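One structure is given here, and the rest of the page talks about it.
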Amino acid sequence: MAVKYVPLAYRLIRDFFTFIINVFYSQIDVTGQNEIPEEGPIIFCGNHGNGLIDPAIIMGETKRMISPIAKAPLWKTPVLGTLLNALHAVPVYRKQDFGGATQNNTGAIDAMAQILSRNDCLVIFPEGISHDDPSIVELKTGFARAAVQALLSSNSDDFKVTIIPVGINYNEKSVFRSSVFLEFGHPIYITKRELVARIGGKGQKSEEEIENASHQYVTELTHNVHKMLLEITLQAPSWDTIRLLHLARDMYLERGNKLSKEEVIKITHRFAKGYKKSSSKQTNSFSSR
């Protein structure tokens with residue numbers, strides 16, 4: 001099965017940023033690439049801890065052409081706006097970029113749905129903001145709304161949208177020659193037939209009932225992607241806790257345990273879950289006194 005043609009301009013820009021990233025980071029380990037379909041629309045949903053580097057890393061590790069979703073003010077930056085257009089990026093309008101005034105992103109959702117309808121791919125960071133917190137914040141629903149809109153606008157009941165959560169785990173994101181572990185999670189497949197069975201179709205329910213069911217479906221889908229991202233990213237209440245977890249992991253490895261990079265990340269995740277469970281027990285113990 002052949003991968004859809006990727007334009008030369010896109011490949012040149014992608015390869016340039018990949019080169020820069022490979023100079024800065026000493027190692028980028030990737031797992032789950034075999035889960036990426038070679039055809040059909042895909043939404044890659046990643047955690048967002050490192051600005052423009054996050055989409056560049058994901059785009060550099062996939063064969064498919066991927067349109068990034070980016071905040072609108074970036075188009076005002078000389079050269080960058082031109083590059084974003086060449087990547088077929090979609091601008092979103094966040095209220096924090098416009099003095100706190102609520103923005104209408106209907107056009108952005110429409111553009112995302114159109115890309116999916118063409119069997120192309122998107123990369124989006126549903127947290128809506130790049131941040132330094134060592135944990136994922138609440139996700140926005142835009143990606144799920146775009147998926148539902150693309151599915152409902154299709155003439156085929158078999159039309160399918162794939163959503164793939166992507167965990168980007170930086171060892172020390174700002175440290176030269178540090179490492180990155182990228183994990184493509186298990187895909188979520190949604191067909192129009194399955195969606196209509198959940199929310200109803202014309203003639204089955206009123207428009208208001210379909211709209212309410214669609215809204216509930218979008219909320220559930222966003223929640224499910226959030227849960228999946230938590231499983232493939234390292235979560236902790238503070239960076240001090242992250243350093244403590246890395247120390248515990250390194251002490252474990254010093255005992256002669258030979259593990260792959262993926263296994264090292266998984267061990268760190270288990271330490272993080274154990275720490276969270278232990279902290280929760282201590283909190284409950286103090287609150288019961």
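The values are calculated or read from the model by the stated rules, or taken from the named source; none is laboratory data. What you are looking at is a predicted structure, and each value in this text was computed from that prediction instead of being measured. Methodologically, a virtual Cβ is constructed for each residue, glycine included, from the backbone with ideal geometry; neighbour enumeration extends over all protein chains shown. Surface accessibility is based on the protein's heavy atoms, side chains included, excluding ligands, DNA and RNA. Shrake-Rupley method; radii C 1.70, N 1.55, O 1.52, S 1.80 Å.
Carbon and sulfur atoms: what percent of the 1.4 Å accessible area of segment 24-128 do they account for? Roughly 52 percent of what the probe reaches on segment 24-128 is carbon or sulfur. With the cut-off at under 20 Å, measuring from each backbone N in segment 8-27 to a point 7 Å along the Cα-to-Cβ line of Glu262 picks out 27. Would you please give the FRET efficiency between Leu8 and Lys277, computed as 1/(1 + (r/R0)^6) with r the Cβ-Cβ distance and R0 = 51 Å, to the nearest 0.05? That gives a FRET efficiency of 0.50. Once you order the gyration tensor axes a ≥ b ≥ c over the Cα atoms, which shape class does segment 1-148 get: rounded for a/c under 1.5, otherwise prolate or oblate by comparing a/b with b/c? Here segment 1-148 falls in the rounded category.
Which of Lys63/Lys173; Lys4/Lys205; Lys160/Lys202; Lys95/Lys202; Lys160/Lys227 have a Cα-Cα distance over 31 Å? With Cα atoms farther than 31 Å apart: Lys4/Lys205; Lys95/Lys202. Of all DSSP beta bridges located in the chain, what percent are antiparallel, nearest 5? If we restrict to bridges inside the chain, about 30 percent are antiparallel. The protection proxy used here, the mean number of other Cβ atoms lying within 10 Å of each residue, ranks peptides 98-107, 32-41, 54-63, 134-143 as follows, highest first: 54-63, 134-143, 32-41, 98-107.
Mind giving me the FRET efficiency for Ser206 and Lys95? R0 is 30 Å, r the Cβ-Cβ distance, nearest 0.05 is fine. Efficiency at R0 = 30 Å is approximately 0.40.
In the chain, the longest principal axis of the Cα atoms and the axis of helix 142-153 are about 30 degrees apart. Average accessible surface for the chain: 55 Å² per residue, computed with a 1.4 Å probe over protein heavy atoms with every protein chain in place. In summary, the aspartates and glutamates within cross-link reach of Lys76, defined as a Cα separation below 18 angstrom excluding same-chain residues under 8 places away, comprise Asp97. Between 0 and 90 degrees, the angle of helix 261-287 with respect to the longest Cα principal axis of the chain falls at about 80 degrees. Between 0 and 90 degrees, the angle of helix 8-24 with respect to the longest Cα principal axis of the chain falls at about 10 degrees. Estimated from the Cβ-Cβ distance and a Förster radius of 25 angstrom, the FRET efficiency linking Asp29 and Leu244 is about 0.65.
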